[in-house]
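Below is one structure, written out as structure tokens; the observations come after it.
Readers should treat all values here as calculations from the given coordinates under stated rules, not as data from a laboratory. Note that the coordinates shown come from a computational prediction; the quantities given were computed from them, not determined experimentally. Don't worry about glycine lacking a Cβ; one is built from the backbone with ideal geometry, like all the others, and counts go over all protein chains shown.
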């Protein structure tokens, strides 16, 4: 089972919050992550501790950062989400609704399924919102 398939929605949201904190302040402070998640700092710390145990986040001097493994995991999540958005757009959902629909299924899709969807869609370069879609990984195809 791939690492992404082991993460909850809240854990993925925590990775996204850490990335945002890195962009704003060279590291995400605990209070920043808690605010992004809409939780109290002890709950955010629980999520960060779990992600650190999986090698996705490193913490130093009160700041959290994504590791290279965390970056790769988040990139793969974005790929799952954006491929799902494309599928929902093809099924007739408006661009405005594709994001919410993709959130319902993106973590449930295996890498193999995402690769098949991507192939069926002709390997789209970007999602309906214009964000880039990373290319398929040969190690995940099948």
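Put simply, when 72-81, 103-112 are sorted by average Cβ atoms within 10 angstrom per residue, most first, you get 72-81, 103-112.
Helix 111-120 and the long axis of the chain differ in direction by around 40°, with both axes built from C-alpha atoms.
Helix 95-105 and the longest principal axis of the Cα set of the chain meet at an angle near 70°.
In the chain, the calculated helix contribution to ellipticity at 222 nm averages -18500 deg cm²/dmol per residue, counting -39,500 (n - 2.57) for every DSSP H run with n ≥ 4. Taking all Cα pairs closer than 8 Å and separated by 6 or more residues, the relative contact order of the chain comes to 21 percent. Modelled spin labels at residue 131 and residue 60, positioned 7 Å past Cα toward Cβ, are 2.7 nm from each other.
When the alpha carbon gyration tensor of segment 10-51 is reduced to an equivalent ellipsoid, its three semi-axes come out at 15, 10, 9 angstrom, largest first. Taking a point 7 Å from the Cα of residue 2 along the Cα-to-Cβ direction, the residues of segment 71-113 with backbone N closer than 13 Å to it are 72-84, 106-113.
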